[in-house]
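Bear in mind these aren't lab numbers, they're just calculated from the coordinates by the rules spelled out. The structure presented is a predicted model; accordingly, all values stated were derived computationally and were not measured. Here Cβ is always computed from backbone atoms with ideal geometry, including for glycine, and neighbour counts include all displayed protein chains.
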Amino acid sequence: MRSLTTSLAVILLVATGSAPTTRGDSAPSAGESVVVAEEGRLPALTREDAEAIRLHAARALAAQPSRTAYLDSHSQSSSGFVHPVVTRHSGSDRYATAAALAIARWRDVIWADVDGVPYPHDRVILIASGQDFPDALSGGALAAYYGGPMLLTRKDSLPGATRTALAALDPDYIAVLGGTNAVSDAVVRELAQYVAGSRRVVRYGGKDRYEVSATMARDIFGGGFGQRAYVALGTNWPDGLAGAATAGSDWAPLLLTRKDGVPGVVMQTLARARPEEIVLLGGPAAVNDTVVMQLGTVAPVVRVGGADRYAVAANAAGLDPTRFGATIASGQNWPDALSGSAYAGLVGDKLLLVRSNGVPGATQQAVRAGSLALIDAVGGRTTLPEPVLNQLRSLRVRTPG
């Protein structure tokens, strides 16, 4: 594919390269392919194409009216400081909120180069359970890797808002996260109506959440990425969601662990990939030192902890600072943060958490330290009351640019 170094607005770009491994419900032995659905496969990314997503995603989204108007009006601030602009994405429920974010930030992206020539692309959408969080934790990093949004579904039926978003976004491929206990075959059959048949619906399955995370990680590692790997607790969600966004912006996978030991399938995946560094999200209360020692047999381990979930998310954001923006979600309710983590990872934003009664000090400091002047808030007024967003708007950050 030709170079994208001059492209101004390329985002959800997935290229057809060498065939990826297929995905499977059982852990492979050395040298074996992972097989889940014999007919389904996603297109592979070349390094050139994936780097193009990294370089141009934020620029493409910056060209959208809400962000362009803000930057134009604040770029000449004489004081050198501005107040963040906060854009809310919400719907009547978790499914509608995920759909609202996807439609707002993906539907109208310009698929052309600077000369207006349409650029070949495949749109990939991820589907995860909106009734439980584990499979979607690792999915945030995978969504960023493939440049697509994450939508939510019920186990046995596809919500109306999700159907509306699928029709609006017109995907070429759909990746289903989790086994049939999370998303039924009936839903998968319905999803096939939105693409060119069942061969374009791929299930990332496994016998448990740990194997599902390993299956997703193999795609990222298999593309030649993942010099760094992220690991988070698989039985609670806050650290993992923040980590998924950071991993996504770092083109790295997020794998799940138990509190007191790393599952064998995760250790096998890491040992084969041989990352240069492993980032462990959460303090000793979340994942104990046994996990650190086990991971340390593969690569050096950096633990990112904090006094609470808000501090952990803020510290994770500091691993790879960005001056562009942040995605904000509730630290008390996980559904809206699922789709938010996928979006944040793609555009290089950080996923930060807030309470329903205010913005924690660690989150405020992360916004200031990163000059995060553009904030997407994912969630309705129940989980993210307007006074909380106004508190974010009252912060002073350095002028972007």
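Summary table
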{"item": "Ranked 129, 339, 356, criterion: other C-beta atoms within 10 Å, fewest first", "result": "356, 129, 339"}
{"item": "Residue-span extension gain [residue 355 to residue 394] - 0.36 nm each, minus C-alpha spacing", "result": "12.4 nm"}
{"item": "The range 56-398 - charge dipole about Cα centre, Lys and Arg +1 at Cβ, Asp and Glu -1, debye rounded to 20", "result": "340"}
{"item": "Ranked 399, 162, criterion: other C-beta atoms within 10 Å, fewest first", "result": "399, 162"}
{"item": "FRET efficiency, 1/(1 + (r/R0)^6) with R0 22 Å, evaluated for residue 131 and residue 192 via beta carbons", "result": "0.55"}
{"item": "Efficiency of FRET from Cβ geometry, residue 365 and residue 386, R₀ 35 Å, rounded to 0.05", "result": "0.95"}
{"item": "Set of lysines with alpha-carbon distance to residue 207 below 20 Å, sequence-local pairs under 8 removed", "result": "155, 259"}
{"item": "The range 56-398 - convex hull of alpha carbons, volume per residue in Å³", "result": "125"}
{"item": "Difference of contour (0.36 nm per residue) and Cα-Cα distance, residue 185 to residue 320", "result": "44.7 nm"}
{"item": "Positive-end residue of 384, 340, 371, charge dipole of the range 332-401 with Cβ unit charges", "result": "371"}
{"item": "The range 262-278 - phi-based ³J(HN,Hα) in whole Hz, Karplus 6.51/-1.76/1.60, Gly and Pro as x", "result": "8, x, x, 5, 6, 4, 4, 5, 5, 5, 6, 7, 6, x, 7, 8, 10"}
{"item": "Calculated from backbone phi, Karplus (6.51, -1.76, 1.60) coupling profile of the range 370-383 in Hz, x at Gly/Pro", "result": "x, 6, 8, 8, 10, 10, 9, 9, 9, x, x, 6, 6, 7"}
{"item": "Centre separation in Å (Cα based) which lies between the range 250-268 and the range 130-161", "result": "19"}
{"item": "Segment residue 333-residue 271, length gained on full extension (0.36 nm per residue, minus Cα span)", "result": "18.9 nm"}
{"item": "Exposure proxy order (Cβ contacts within 10 Å, fewest to most) of 278, 220", "result": "278, 220"}
